[in-house]
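Undergrad: Let me give you the structure first, and then I'll get to my questions.
Readers should treat all values here as calculations from the given coordinates under stated rules, not as data from a laboratory. Nothing here was measured: the structure is a model prediction, and the numbers come from that model. Because the Cβ atoms are built from the backbone with ideal geometry, glycine has one as well, and the counts that use them run over all protein chains shown.
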Amino acid sequence: MLYLCRQIETKLMKNKFYKEFGELLTKHFPYKVQKISINAGFTCPNRDGSKAVGGCTYCNNQSFSPGYGGKQRTVSDQLKDGIAFFSYKYPEMKYLAYFQSYTNTYDSIDKLIGLYEEALSYPDVVGLIIGTRPDCMPDELLDYFAELNKRTFLIIEYGLESTLDSTLNFINRGHTHAESVDAIEKTAAKGIYTGAHLILGLPHETKDQILAHADEISRLPLTTVKLHQLQLIKGTVMARQYREHPDWFDLFEVDEYIDLCIDFAERLNPDFIIERFISQSPKQLLIAPDWGLKNFEFTAKILKRFEERNTSQGKMYKQ
Ligand code: SF4
């Protein structure tokens with residue numbers, strides 16, 4: 001299947017430890033809602049030379065090769081397949097079109113708006129989630145999103161990855177943390193739900209520096225936060241760096257990572273929703289770490305550990 005579907009996690013056990021994405025959905029929708037991931041065929045300014053060449057060092061180059069994934073399918077076709085997959089089991093379910101792959105605000109404004117509106121006009125689609133880079137949000141597009149936000153559910157997710165410029169530079173992100181702050185503040189000022197994505201465990205970051213990301217983002221007007229462990233992917237610059245300089249990397253064992261996530265959550269603003277703690281790259285592309293855990297198994301483990309530690313999100317949050 002060309003589309004990716006990520007099941008919005010249902011409660012496995014009572015979670016009194018951190019704010020889940022489901023809380024936001026319940027506030028808006030009286031029915032089950034599922035994200036359908038869309039690859040709208042965009043590229044990325046960090047690879048086409050407008051920001052940088054080569055891309056972020058952890059990003060899989062293969063995905064940018066011409067013809068990768070075969071012929072680009074339309075937004076409607078991807079929604080049709082995604083919805084067919086879920087509606088069979090849950091006929092009452094509605095959907096959020098999640099523009100997830102690459103930089104989903106990087107094209108002409110007319111083309112972008114056309115694709116977003118195509119998704120929104122698809123039957124049973126009740127909102128949009130747009131993933132992008134902090135340096136790819138022109139004012140004109142943000143004005144469109146501000147209007148859109150009045151008529152539909154909308155989240156704009158920014159890939160921050162780190163709050164340290166030294167790390168952003170090292171991983172060739174092509175933007176600074178100040179640009180991330182600016183994009184988040186401008187987006188939230190329009191009343192739009194704003195999300196941040198961070199990678200925990202990037203090269204040369206110490207545990208204290210990783211946890212300091214929680215303090216730094218906690219002061220920003222965010223609604224959602226997504227975390228994931230550093231994954232080494234075949235064919236990336238980082239995979240080569242790992243072969244040549246393994247001492248630059250500190251890849252976590254799963255229990256170590258769980259404790260790191262809980263430490264992070266303790267310092268995080270208790271109003272933020274923690275949408276996820278891990279990500280899973282396709283097994284055939286993953287070098288390490290390979291924990292062999294499904295999302296729900298990880299969630300069960302982290303909830304158990306929160307309980308053992310008798311702690312919760314925001315417990316160490318300093319305003
Ligand atoms: S991670 Fe995102 S911003 Fe970086 S090269 Fe890949 S698509 Fe571009």
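Undergrad: What percent do you get for the relative contact order of the range 177-319 when only Cα pairs under 8 Å and 6+ apart count?
TA: 29
Undergrad: Can you spot the aspartates and glutamates whose alpha carbon is less than 19 Å from residue 32's alpha carbon? Ignore those fewer than 8 places along the same chain.
TA: The qualifying aspartates and glutamates are 9, 20, 23, 81, 92, 124, 275.
Undergrad: A further question follows. Can you compute the modelled spin-label distance between residue 206 and residue 52, with each label point 7 Å from Cα toward Cβ, in nm?
TA: 2.4
Undergrad: Using only the alpha-carbon atoms of the range 263-304, report the extent along each of the three principal axes, biggest first, to the nearest angstrom.
TA: Here the spans come out as 37, 19, 16 Å, largest first.
Undergrad: At 37 °C and 0.692 mPa s, what whole-number value in µm²/s does Stokes-Einstein give for the translational diffusion of the range 118-178, with Rh from the Kirkwood sum over Cα pairs?
TA: For the chosen part, D equals 244 µm²/s.
Undergrad: While we're here: Kindly provide the chymotrypsin sites (Phe, Trp or Tyr not before Pro) of the range 85-118 that DSSP labels as loop, not H, G, I, E or B, and whose Cβ sees at most 10 other Cβ atoms within 10 Å.
TA: Listed in order of number, the matching sites are 88.
Undergrad: Considering only Cα-Cα distances, which of the following residue pairs are longer than 22 Å: 186/226; 27/111; 19/226?
TA: 27/111
Undergrad: Can you give me the convex hull volume of the Cα atoms of the range 167-313, divided per residue and expressed in Å³?
TA: Expressed per residue, the convex hull around the Cα atoms of the range 167-313 is 120 Å³.
Undergrad: A follow-up question, please. Under the 0.36 nm per residue contour assumption, what length would be gained going from the current alpha-carbon distance of residue 288 and residue 117 to full extension?
TA: Contour length minus the Cα-Cα distance gives 57.7 nm.
Undergrad: Also, quick follow-up: Where the eigenvalues come from the Cα gyration tensor of the chain, what are the semi-axes √(5λ) of the equivalent ellipsoid, largest first, in whole Å?
TA: Sorted largest first and rounded, they come to 28, 24, 21 Å.
Undergrad: Take the Cβ-Cβ distance between residue 23 and residue 147 as r, set R0 to 41 Å, and report the resulting FRET efficiency rounded to the nearest 0.05.
TA: That gives a FRET efficiency of 0.95.
Undergrad: Could you tell me the distance between the Cα centroids of the range 241-319 and the range 183-234, to the nearest Å?
TA: Cα centroid to Cα centroid, the span is 13 Å.
Undergrad: Just the Kirkwood number for the range 228-297, please: inverse of mean 1/r across all distinct Cα pairs, in Å, one decimal.
TA: It is 13.6 Å.
Undergrad: Spelling out what I want: for every residue of the range 281-287, take phi, set θ = phi - 60°, compute 6.51 cos²θ - 1.76 cosθ + 1.60 (Karplus), and round to whole Hz; glycine and proline get x.
TA: Result, rounded to whole Hz: 7, x, 3, 6, 9, 7, 8.
Undergrad: Run the helix sum for the chain: -39,500 (n - 2.57) per DSSP H stretch of 4+ residues, divided by residue count, reported at 222 nm to the nearest 500 deg cm²/dmol.
TA: Result for the chain: -11000 deg cm²/dmol, rounded to the nearest 500.
Undergrad: Moving to a separate point now. What number, in percent, do you get for the relative contact order of the range 21-309 if the mean sequence gap of Cα pairs under 8 Å and at least 6 apart is divided by its residue count?
TA: Computed value for the range 21-309: 17 percent relative contact order.
Undergrad: I would also like to ask the following. Taking H as built 1.01 Å from N, whose amide H comes closer than 5 Å to the amide H of residue 38, not counting residues under 5 places away?
TA: Long-range HN contacts for residue 38: 98, 99, 100, 101.
Undergrad: Also, I was wondering about something else. Based on the Cβ-Cβ distance from residue 72 to residue 240, what FRET efficiency comes out when R0 is 25 Å, to the nearest 0.05?
TA: 0.30
Undergrad: Also: Would you calculate the volume per residue, in Å³, of the smallest convex hull containing every Cα atom of the range 151-215?
TA: Value for the range 151-215: 87 Å³ per residue.
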